[in-house]
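The values are calculated or read from the model by the stated rules, or taken from the named source; none is laboratory data. Quick caveat: nothing in here was measured; it's all calculated off a predicted structure. Every residue, glycine as well, gets a Cβ built from its backbone with ideal geometry; the counts of neighbours run over all protein chains shown.
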Amino acid sequence: MNIRHAAASDLDAVSAVENECFPPAEAATKESFADRIKYYGNHFWLMFDGGKLIAFVDGFVTDEPDLTDEMYDDASMHNENGKWQMIFGVNTIPECRKRGYAGELLRRAIDDARAQGREGLVLTCKERLIHYYAKFGFVDEGVSDKSTHGNAVWHQMRCQLT
């Protein structure tokens with residue numbers, strides 16, 4: 001497996017994986033990913049099996065401590081010197097799930113955030129995934145009052161590094 005950051009040439013593959021992993025109301029658009037890669041391609045962790053993208057994690061950096069819905073759609077809010085690494089998506093194509101790939105990418109994102117001196121990482125997830133993210137040091141802060149993305153109920157979780 002090869003892990004690397006995103007480039008503009010990855011746009012189609014990233015968008016295709018996103019659409020396999022999330023329902024339409026929650027999936028980011030191809031246009032949104034184009035902006036995300038432009039502003040913070042170095043905060044995408046892409047995993048390839050041969051030449052095929054099978055999993056990725058992405059999110060920008062900010063001084064804002066909580067993940068908000070506006071962040072998903074406005075990549076220009078990225079602040080490379082920010083305190084918090086947000087995680088917007090953890091994606092693994094269905095046929096490659098339950099093999100530890102997402103966990104490997106999360107560990108890489110955590111290691112990179114630590115090396116970059118971030119205070120920590122923040123993500124939102126559905127209740128059924130709280131135990132999964134807890135394995136990586138994320139702590140449930142309860143139902144988010146700042147994100148109802150896709151008209152879903154999201155729990156905000158934080159992995160404090162400092």
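Points worth noting:
Rundown of residues vs (1) more than 19 Å from Asp69 (Cβ to Cβ); (2) touching an Asp or Glu at 6+ places or on another chain (Cβ under 7 Å); (3) not in a strand (DSSP E or B), yes/no style:
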residue	(1), (2), (3)
Arg118	yes, no, yes
Thr124	no, no, no
Gly137	yes, no, yes
Asp145	no, no, yes
Gln156	no, yes, no
Thr162	yes, yes, yes
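- Flag for Ser32 being buried (at least 16 other Cβ atoms within 10 Å of the Cβ), modelled with pLDDT under 95 and in a helix (DSSP H, G or I): yes
- Of all residues in region 83-101 being over 11 Å from Leu161 (Cα atoms), of a type outside the set (A, V, I, L, M, F, W, C) and touching a residue at least 12 places away in the same chain (Cβ under 8 Å), the one that is surrounded by the most Cβ atoms within 10 Å (Cβ to Cβ): Asn91
- Subset tally (residues that are closer than 16 Å to Leu105 by Cα and surrounded by 14 or more Cβ atoms within 10 Å (Cβ to Cβ)) for region 130-148: 5
- Matching residues, region 33-51, being touching a Ser or Thr at 6+ places or on another chain (Cβ under 9 Å) and of a type in the set (Ser, Thr, Tyr): Tyr39
- Matching option when the condition is within 14 Å of the chain's Cα centre (by Cα), surrounded by fewer than 20 Cβ atoms within 10 Å (Cβ to Cβ) and part of a loop (DSSP other than H, G, I, E, B), among Glu64, Glu80, Glu26, Glu104: Glu26
- The set of residues from region 38-81 being without any contact (Cβ under 8 Å) to a residue 60 or more places away in the chain and charged (D, E, K, R) comprises Lys38, Asp49, Lys52, Asp58, Asp63, Glu64, Glu70, Asp73, Asp74, Glu80.
- Looking across region 1-23, the residues that are of a type outside the set (Lys, Arg) and either at pLDDT below 95 or outside any helix (DSSP H, G or I) (or both) come down to Met1, Asn2, Ile3, His5, Ala6, Ala7, Glu18, Asn19, Glu20, Cys21, Phe22, Pro23.
- The residues in region 121-162 that are of a type in the set (Phe, Trp, Tyr) and without any contact (Cβ under 8 Å) to a residue 24 or more places away in the chain can be counted, and the count is 2.
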